[in-house]
1. Could you pull out the chymotrypsin sites (Phe, Trp or Tyr not before Pro) across the range 642-703 that fall in loop regions by DSSP (anything but H, G, I, E, B) with no more than 16 other Cβ atoms inside 10 Å?
2. Please report the relative contact order for the range 341-522, taking Cα pairs under 8 Å with a sequence separation of at least 6, and give it as a percent rounded to a whole number.
3. Which pairs break 18 Å Cα to Cα here: Lys32/Lys221; Lys330/Lys459; Lys221/Lys546; Lys313/Lys546; Lys330/Lys603?
4. Per q in 0.18, 0.24 Å⁻¹, report the Debye log10 I(q)/I(0) for the range 789-893, using one uniform scatterer on each alpha carbon and no solvent.
5. Go through 19-29, 399-409 and give me the packing order, highest mean Cβ count within 10 Å leading.
6. Compute the whole-percent fraction of alpha carbon pairs in the range 691-743 spaced more than 16 Å apart.
7. Any lysines with Cα under 30 Å of the Lys875 Cα? List them, leaving off those in the same chain fewer than 8 positions away.
8. Based only on Cα atoms, what Rg/Rh ratio does the range 296-407 have, Rh being taken as Kirkwood's radius?
Amino acid sequence: MVRQALWHARTAEEVIETLDADRAGLTSEAVKTRLDIHGPNTLPEAKSVSPLLRFLSQFNNPLIYFLLAAALAAFLLDHAIDAAVILLVVLVNATVGFVQEGRAEQALSGMRGLISPHAKVLREGEKREVDVAELVPGDVVVIEAGDRVPADLRLLRARSLAIEEAALTGESVAAEKGEEPVVEGASLGDRTSMAFSGTLVARGQATGMVVATGSNTEIGKISGMLQQVPTLVTPLLRQINSFARLLTLVILVFGAALFAFAVLVRGFEWVDALIAVVAVAVGAIPEGLPAVITITLAIGVQRMAARRAVIRKLPAVESLGATSVICTDKTGTLTRNEMTVARLLTGDREYTVSGIGYAPEGEVTPVEGSPDDAETPRDLIRCGALCNDARLVEDGGQWGVAGDPMEGALLALAAKAGLETEGLQRDWQRLDEIPFDASYRYMATLHRTPGGDRVAFIKGAPEAVLALCGDEARAVDWQALVERSASDGERLLGFAMLPVGEGAEHIGHGDLAGAQMLGLMGFIDPPREEAKRAIAECRSAGIAVKMITGDHAATAGAIARQLELADDPQALTGAQIEAMDDDELSRCVPEVAVFARASPEHKLRIVRALQAHGHIVAMTGDGVNDAPSLKQADVGTAMGVTGTEAAREASEMVLLDDNFASIVAAVREGRTVHDNIRKVIAWTLPTNGGEAIVVILAILAGFTLPLTATQILWINLVTASTLGLVLAFEPSEPGVMDRPPRQRDASLLTGLLLWRIVLVSTLFAAAVLLVFFGVQAQGSSVETARTMAVNMLVVAEIFYLFNVRFLHMRSATLKGALGTKPVLIALAVVVAAQLAFTYLPFLQRVFDTRPLSLAQGAAIIGLGAGLFLILEVEKSIVRRLQRGQSDRSTTRS
């Protein structure tokens with residue numbers, strides 16, 4: 001723990017002594033020796049698998065075996081085109097998986113790109129520029145504004161140093177740095193004496209000594225964690241794999257039994273028996289189902305893209321629909337990432353400020369209870385506008401800040417108070433300044449007033465500004481005001497002014513004693529209004545929202561209360577998490593809504609603890625520190641605007657607007673996708689089941705096959721590519737976000753869905769057999785009966801399509817009858833295809849069909865309508881039973 005000891009080192013000499021180094025830098029011999037011991041200052045390369053093995057591994061799953069079995073069945077029936085199409089689906093799926101896996105491996109390379117290629121060091125008393133890989137512990141490194149920190153440094157000297165550490169800590173404001181040691185056990189965001197590899201110097205300059213390189217740095221530890229996180233299998237893939245194994249096993253067992261029965265009991269020739277069994281397999285295997293599921297997911301991707309959420313990995317679409325917990329960052333996701341002055345305190349008076357962001361829109365209003373003569377504190381506001389180096393910029397009606405966000409908020413405040421900042425800065429000419437520095441924690445500027453006098457304005461940490469003020473400042477209990485504002489999650493700045501001697505052109509620290517305290521300002525990063533609405537929608541959908549942030553607990557808790565994250569949002573700090581083992585943390589996480597000052601290790605442990613409870617976790621993040629937990633989460637969600645490349649490469653989804661509301665919109669689409677997949681399965685399997693039952697009964701009972709294998713392939717080809725596909729385009733059903741999330745281990749084939757498959761398959765088979773035997777009883781040929789049977793099955797599928805379009809409400813409505821544009825197009829295509837199948841001479845010869853009369857067609861349509869009504873009654877009964885069970889469960893609870 002040498003590095004941790006260096007955080008608390010009392011002097012620069014102690015740091016140098018611990019590392020056996022020198023202020024003048026290491027010698028060439030020392031560098032070579034340490035390079036041999038510690039290795040190069042680079043992040044480890046991920047263990048790579050050869051492209052060929054990665055490609056072949058895409059074929060190693062039951063779903064692919066399932067598709068290959070379907071292709072073999074089609075090939076055995078001399079349908080080479082169908083076999084080729086199925087094999088093409090296999091190849092496309094393997095290629096997509098291969099490409100996605102390759103992109104996922106880029107996560108570490110995205111992280112490696114954060115390390116600067118060169119560094120300025122002192123070696124043997126001379127300043128040199130060396131390759132960053134050659135840095136070793138004990139090297140003395142010089143950094144300045146614009147540099148990326150090349151290794152973990154213990155600062156020996158710092159001047160006005162501020163470093164952007166958002167990629168590591170999640171803090172939106174640049175961290176002020178200094179040489180002073182920090183308290184033992186300080187969290188990552190509070191280690192002010194350290195500069196971490198990969199972070200960016202925002203201002204100032206410093207000299208630091210390298211205390212960790214390569215995989216021993218904070219960013220290196222994150223890289224190591226990222227390599228250790230296993231790739232999770234999404235619920236959909238897990239369920240499809242399970243379903244594929246089960247269905248393949250069932251088809252093999254039944255096929256073998258049926259073959260034995262046909263040969264041994266019915267006396268079939270073994271070749272004829274094999275052909276019959278293959279016909280059953282073709283009828284039972286829904287060869288088009290995987291392709292339709294893939295298309296359903298792809299349509300979900302397109303819809304989510306329209307909602308500003310880009311999906312990088314296709315199965316994540318469906319995982320979103322199962323999400324039961326969303327772990328989200330605070331800054332920029334739940335909040336606007338725009339500092340705003342919310343409160344002014346002048347001792348005996350308090351003011352609130354309306355308006356958010358940097359737009360000069362709003363007003364300053366005394367709070368209730370302030371004295372009647374409480375006028376706008378113009379001296380306080382003027383101080384903030386003049387002791388300021390930022391400027392506001394407007395682009396297309398959108399206001400932003402060039403410079404420090406808090407200084408931008410001060411300029412916006414001045415505009416709200418009616419002060420024209422450009423004119424103010426021109427009339428109050430700046431003569432000199434003392435720039436902010438972490439060692440004294442304030443900034444001061446000297447100005448010539450419009451009357452020619454000299455005045456100094458001071459702003460900084462409240463305690464630092466108060467220390468410069470005279471005895472009259474102590475008449476106000478400023479500390480109580482500071483504590484009250486801090487408990488509300490506000491960042492505070494103190495402001496003071498001091499008349500300076502006539503003709504003064506310069507100021508120093510010694511000139512500021514006896515300043516007049518003007519007051520305090522409280523800053524907030526205001527919550528997004530749309531985020532509050534989205535959180536309310538999550539809660540109604542049974543989805544818990546957890547805030548995980550690098551910010552302070554008070555700030556995070558205040559935002560959580562404003563957003564109504566929970567009824568009583570409980571907070572847990574990184575230090576408390578550190579003191580817990582995994583079991584303790586697992587017990588706590590369900591009740592905690594806010595995790596503050598969380599490190600990368602903490603985030604990873606939180607996600608795993610939630611998954612241990614069976615939750616499907618969506619995790620948002622933008623920094624390198626988020627990459628391991630993004631990869632561990634079921635749906636890692638990176639920020640597209642502020643996010644790092646490492647975060648994006650480790651995630652399944654990227655938000656183009658960094659907005660929490662976009663996550664919830666994506667969850668809605670994910671639930672719709674899952675509903676549509678269930679609709680596709682609920683429509684496809686009974687279709688294939690009805691075909692299989694008819695053929696099986698024919699073999700068992702010994703009557704003529706009502707459907708030939710060629711006719712079965714026609715039905716599957718025509719309907720699966722039309723009627724089955726349109727269900728992928730179905731919009732969300734009403735109340736899709738009012739249902740609780742499904743369980744992680746919930747089966748794709750629920751008991752209700754299995755019941756529906758058995759019922760509809762039986763009804764389809766009964767209708768086909770009724771038509772087949774009924775037509776023959778009237779004296780028609782077997783060919784005509786088979787033509788009727790094929791058309792009966794297709795018409796039944798059409799009516800069933802309108803029934804299955806709504807899983808959670810009745811379909812016999814005007815909205816259900818009208819259908820959607822894709823439904824109507826598919827219906828027209830199927831009708832045209834069946835007319836051609838029945839009446840075109842060419843197709844009659846291919847499929848051995850016969851023309852039907854108008855009366856025969858009407859009878860088929862009538863039977864189809866009857867099936868629809870039976871299924872609507874069944875749906876109504878089931879929904880009534882489900883409501884009764886739900887009411888009884890509610891009463892018991």
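Taken together, the values in this text are just the output of simple stated rules run on the coordinates, not laboratory data. What you see is a predicted model, and the numbers here were worked out from it, not measured in a lab. Positions of Cβ are generated from backbone atoms using ideal geometry, with glycine treated the same way; all protein chains shown enter the neighbour counts.
1. Of the chymotrypsin sites (Phe, Trp or Tyr not before Pro), the ones in loops of the range 642-703 whose Cβ has at most 16 other Cβ atoms within 10 Å are Phe703.
2. On the way: 357 pairs, mean separation 39.2, N = 182.
Computed over the range 341-522, the figure is 22 percent.
3. Numbers: Lys32/Lys221 24 Å; Lys330/Lys459 27 Å; Lys221/Lys546 24 Å; Lys313/Lys546 24 Å; Lys330/Lys603 14 Å.
In this structure, Lys32/Lys221; Lys330/Lys459; Lys221/Lys546; Lys313/Lys546 lie more than 18 Å apart at Cα.
4. -0.93, -1.27
5. My ranking of the peptides, most packed first, is 399-409, 19-29.
6. Values: 872 of 1378 pairs.
Tail of P(r) above 16 Å: 63 percent of Cα pairs.
7. Lys679, Lys815, Lys821
8. 1.19
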